[in-house]
Every structure is written in structure tokens, then in C-alpha cells.
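Some notes on the structure that comes next.
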Amino acid sequence: MGIFGRKKGKAERRKGDTKSSRPEFVRLSPVQKLVPESTIEHRLTKDLSRAETLATMLAQSRAGRVVEVADLLAGMYIYDWERLSKYWEDQDNIEQYLQQICRISPQRWHSWIQFYDQQRHGEQQPGPWKWLRPSKIVKTVSKDLAPSAELRAIFQRAEEVAPAHDLVEDRMIPILTCECVLLAMAQKTDSEIGHRLISSGIDLTGLEQDARNPRHAPLH
């Protein structure tokens, strides 16, 4: 068992976990729902949208004014580690390294993972944000935070490699996946997070291949 509550080594799918490895269902982010469709620059897969929701909660829990790149990286890890873990050979140590990159204490990181896993596998009563209440991580999730300038730049990079597009008001806009965004983070080597992702031993070649040529297109 890893220090953050998940098994070390290759990620194992739990019994009864039907989460597919393919991106599912295209959707708008909460912030995008508040703006006219004519200004929307991309859509998110369901997996990335849920990771973004977690990132927003993380930002709110530290009283942040915007969602930072580190928040989204943490959200992607917490939600989609089973799929993203394959890009690191040294899976025994990458979890702790990612926690350091995201600047989250081991105790707080473990709380997010524990309560998210409980919600995900039905160990608590269903309902919006109920999995957060026992930990008192956030009191309310009453508003959506906008992405930081750096995170917006990451999304723009991800748009350039997105393999699928959606038609919105006679415009074709890219559909972003977790792989596209993780690749954009790692390729931004002039940033601290990008530099540290490369230093972590991430399989950039394999990640780029999957980001540009996924086995399954996002479902509409």
C-alpha cells in the first residue's frame, strides 16, 4: 500500500469498477456553460471534466482565486490514475513525486483520494459533494473558478494536438482529453511543472502517441 492509500506498482482495476479506459462523452466545463457558445474554444471529455471539477474543489479548499495547473494535475491524478499511471515506469515512487509537484501535503492528498474513492465505489450515500463533508475540505462548492493564465496556455497547447473535434455553431472546436492536457503540461518545459514532469521519467513518446492517435475517439 502506498503512502497515499493506493497500491504501489501497476494500477489494478478493482472488482466492480466498470470505468473504461477510453474517453467518454464530450461536455462543457462549468465555466464554459456560463459563456456564449460562439466564444467556446474547446470541449472536454467526461473524464477531463470530472478532473477539472476536482481541481476546482482543490483550488477552493486553499482559498485560491483561480484554478492552477497544479490543481488540474492533482485532479487528473485523483480521478484517472488507472489510465495515466502507465506513462511512468517507476510507479512505486511517482505518486509521492506527483504530490510534491502539486504542492499538497501527504495528509491532505490522502484525504482527497480516500473520500473520492469512497464516492466512486459507492461506499457513501449518493449526493452532490457528500463525500467532501466528513473531511471538511470545503464548506461549499458555490462557484466555479476560472483557469489561471498558465492553465489557459496549457489548454491552448492541448488544442493543437487534440485528435477529435466537435461542431459548434458552424465551427469545429477541439475535444480535449486527459492525455492531451498531460502532454501539454509536460511539453511546457519553461514552467516548473513541465520541467518536473520530464524529470519524473514520464514516457513522453508514448503519451504523445496516445494523445494524438487514441484507440477510441471521444463519444458524443
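Bear in mind that the values in this text are calculations on the coordinates, not laboratory data. Being a predicted model, the structure only gives us computed values, none of them experimental. When we count neighbours, we look across all protein chains shown, and the Cβ atoms used for this are built from the backbone with ideal geometry, even at glycine.
Ordering 150-159, 55-64 by mean Cβ neighbour count within 10 Å, with the highest value first, yields 55-64, 150-159. Taken along the Cα-to-beta-carbon direction at a fixed 7 Å, the label points for H195 and R152 span 2.5 nm. Compared with the direct C-alpha span, the chain from E41 to E89 gains 13.9 nm at full extension, assuming 0.36 nm per residue. If contacts are Cα pairs under 8 angstrom and at least 6 residues apart, what is the relative contact order of the stretch 171-220 in percent? Dividing the mean separation by the residue count of the stretch 171-220 yields 37 percent. If R0 equals 41 Å, the separation of the Cβ atoms of A63 and R215 corresponds to a calculated FRET efficiency of about 0.55. Highest mean packing comes first when the peptides 160-169, 77-86, 184-193 are listed by Cβ atoms within 10 Å, giving 77-86, 184-193, 160-169. Computed from backbone phi with θ = phi - 60° and the Karplus coefficients 6.51, -1.76 and 1.60, the 3J(HN,Hα) list for the stretch 150-162 is 5, 5, 4, 5, 5, 4, 5, 5, 5, 4, 5, 10, 4 Hz; x is used for glycine and proline.
Here the calculated FRET efficiency for E160 and Q100, from their Cβ-Cβ distance with R0 = 45 Å, stands at 0.95, rounded to the nearest 0.05. Sort the stretch 145-188 into rounded, prolate or oblate with this rule: let a ≥ b ≥ c be the square roots of the eigenvalues of the Cα gyration tensor; rounded if a/c is under 1.5, and if a/c is not under 1.5, prolate when a/b is larger than b/c, oblate otherwise. Taking the square roots of the gyration eigenvalues as a ≥ b ≥ c, the stretch 145-188 is oblate. Spatially, the stretch 146-179 and the stretch 41-72 are offset by 15 Å when compared through their Cα centroids. Computed over all pairs of different Cα atoms, the Kirkwood value for the hydrodynamic radius of the stretch 49-98 is 11.3 Å.
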